[in-house]
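Note sheet for the following structure.
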Amino acid sequence: MQFLVSVIDTSTGSATPAEMAAIDEFNDGLRADGHWVFAGGLTGPGDARLVDGRGPEPVATEGSLHAGTEFRSGFWIIEAEDIETALRVAGEGSRACNRRVEVRALL
């Protein structure tokens with residue numbers, strides 16, 4: 001099964017050099033353990049654009065869907081045999097990046 005592990009943040013560009021080193025080490029472990037699928041960082045919510053293509057022409061507006069103090073600043077897509085394994089791996093990722101994470105299964 002594949003899972004999306006979203007990193008929840010409160011400020012853009014806030015990762016310290018120590019956190020970045022821990023994330024790199026965590027990523028190496030994901031690869032070594034066969035959990036790695038993909039990972040990426042995201043720009044801040046101020047760079048977001050919403051696109052609605054349900055009408056005759058797509059309409060793009062500036063801004064994020066969520067207008068709160070927390071936002072997704074990055075993510076991992078991991079491979080795990082079950083939710084328990086995904087939660088364990090996500091806990092390691094949370095520790096590495098020093099942020100809360102959200103885990104959701106991919107359909």
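The values are calculated or read from the model by the stated rules, or taken from the named source; none is laboratory data. Here the structure is a predicted model, which is why all the values come from computation and not from measurement. All Cβ positions, even for glycine, are placed from backbone atoms using ideal geometry, and neighbour counts span all protein chains on display.
Residue count for the stretch 55-83, restricted to those that are surrounded by fewer than 17 Cβ atoms within 10 Å (Cβ to Cβ), modelled with pLDDT of 95 or more and within 21 Å of I8 (Cβ to Cβ): 2. T85 meets all of the listed conditions (1) within 15 Å of the chain's Cα centre (by Cα); (2) assigned to a helix (DSSP H, G or I) but one, namely (1). Scanning the stretch 34-51 for residues that are over 17 Å from S94 (Cα atoms) and without any contact (Cβ under 8 Å) to a residue 40 or more places away in the chain returns T43, G44, P45, G46, D47, A48, R49, L50, V51. If the condition is being assigned to a helix (DSSP H, G or I), surrounded by 11 or more Cβ atoms within 10 Å (Cβ to Cβ) and more than 15 Å from the chain's Cα centre (by Cα), then the stretch 37-52 contributes only D47.
Restricting attention to the stretch 93-107, and to residues there that are surrounded by fewer than 16 Cβ atoms within 10 Å (Cβ to Cβ) and either under 12 Å from V5 (Cα atoms) or not basic (K, R) (or both), which single residue is farthest from the chain's Cα centre (by Cα)? Top of the filtered list is L107. Scanning the stretch 14-36 for residues that are buried (at least 16 other Cβ atoms within 10 Å of the Cβ) and more than 18 Å from N98 (Cα to Cα) gives H35, W36.
Scanning the stretch 61-69 for any residue that is in a strand (DSSP E or B), of a type in the set (S, T, Y) and under 30 Å from A32 (Cα atoms) turns up nothing.
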